[in-house]
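A.B. asks: So that we are looking at the same thing, I have put the structure below in structure tokens.
The values are calculated or read from the model by the stated rules, or taken from the named source; none is laboratory data. Since this is a predicted model, take the numbers as computed values, not measurements. For neighbour counting, all protein chains shown are included, and Cβ atoms are generated from backbone atoms with ideal geometry for every residue, glycine included. Surface accessibility is based on the protein's heavy atoms, side chains included, excluding ligands, DNA and RNA. Shrake-Rupley method; radii C 1.70, N 1.55, O 1.52, S 1.80 Å.
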Amino acid sequence: MHSARIFKLAKDSAVKARTQAINQLKAGLVIADPALRERLSSLDNRELFRTCARLGPGDGEEGENAVTQATHMTLRMLAERIQQLTGQINELNQRLTQLVEHHAPQLLVPVGIGPDSAVTLLITMRDNPERLSIEASFAALCGVSPVEYSSGRRSTRRLNYSGDRQANAALHRIVFTRLRHDPRTQAYFARLTQEGKTRREVI
């Protein structure tokens with residue numbers, strides 16, 4: 001899984017850079033001239049990036065025309081950067097998917113587990129084979145094993161926060177995806193909520 005670690009490093013970097021570029025593009029729209037803002041305000045992200053990537057340089061060299069030219073050029077360059085990074089992310093996702101399909105295809109079967117989360121869990125497992133003797137060991141490794149504690153008269157549980165943070169984040173993403181899309185998870189959440197559990201306790 002060494003290749004997976006390298007691909008994931010590249011993907012995480014590309015995702016971070018794309019998020020930064022998106023934030024910068026939207027900040028640029030805030031200070032753009034009103035006509036341009038109005039033209040772009042109703043577009044979803046994908047169409048917004050496509051439209052900005054096609055912006056012309058504008059005319060003139062002074063006054064408002066120079067500002068328009070600078071705005072158009074900046075938005076166009078940021079949109080092109082976003083598109084390029086999106087292409088890299090998609091390619092890296094394909095490579096990560098191929099690696100998971102080769103090493104542990106069963107991980108991609110359950111609802112909510114994508115290639116990124118699967119690779120994160122596989123890397124964590126590979127790095128800590130001595131801590132995987134039983135299921136409870138894996139829970140502790142990922143920082144999701146329960147720890148008993150009491151608050152006044154109430155005894156309850158909290159999670160053990162000493163586990164691998166990336167694996168914990170992967171499980172967190174999986175849970176929230178399953179809460180949105182998986183009927184069994186939704187039914188489980190509803191049942192425990194009716195029993196008096198808080199949302200955090202159920203999750």
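A.B. asks: Does Thr177 satisfy the condition of being touching a Lys or Arg at 6+ places or on another chain (Cβ under 9 Å), more than 18 Å from Gly143 (Cβ to Cβ) and not small (Gly, Ala, Ser)?
C.D. replies: no
A.B. asks: Now for a different question. Would you check which residues across the stretch 8-28 are open to solvent by 60 Å² or more (accessible area, probe 1.4 Å) and either touching a residue at least 12 places away in the same chain (Cβ under 8 Å) or not basic (Lys, Arg) (or both) and list them?
C.D. replies: Leu9, Asp12, Ser13, Arg18, Thr19, Gln20, Asn23, Gln24, listed by residue number.
A.B. asks: I need every pair where a residue in the stretch 120-133 that is without any contact (Cβ under 8 Å) to a residue 12 or more places away in the chain has its Cβ under 7 Å from the Cβ of a residue that is open to solvent by 20 Å² or more (accessible area, probe 1.4 Å), sequence separation at least 6 or different chains.
C.D. replies: Arg131/Ser137; Leu132/Met125; Leu132/Phe138
A.B. asks: Right, another one. Residue check, Ile31 against (1) more than 30 Å from Arg178 (Cβ to Cβ); (2) surrounded by fewer than 14 Cβ atoms within 10 Å (Cβ to Cβ); (3) free of Cβ contacts under 8 Å to residues at least 40 places away in the same chain, all met but one. Which one?
C.D. replies: Here Ile31 meets the rest and fails (3).
A.B. asks: Give the residues of the stretch 39-69 that are part of a helix (DSSP H, G or I), at pLDDT 90 or above and among the hydrophobic types (A, V, I, L, M, F, W, C), sorted by residue number.
C.D. replies: Leu40, Leu48, Phe49, Cys52, Ala53
A.B. asks: Here is a further query. Mind listing just one residue for me: the one in the stretch 86-142 that is outside any helix (DSSP H, G or I) and open to solvent by 80 Å² or more (accessible area, probe 1.4 Å) and, of those, nearest to Asp12 (Cα to Cα)?
C.D. replies: Filtering the stretch 86-142 for residues that are outside any helix (DSSP H, G or I) and open to solvent by 80 Å² or more (accessible area, probe 1.4 Å), the one nearest to Asp12 (Cα to Cα) comes out as Val109.
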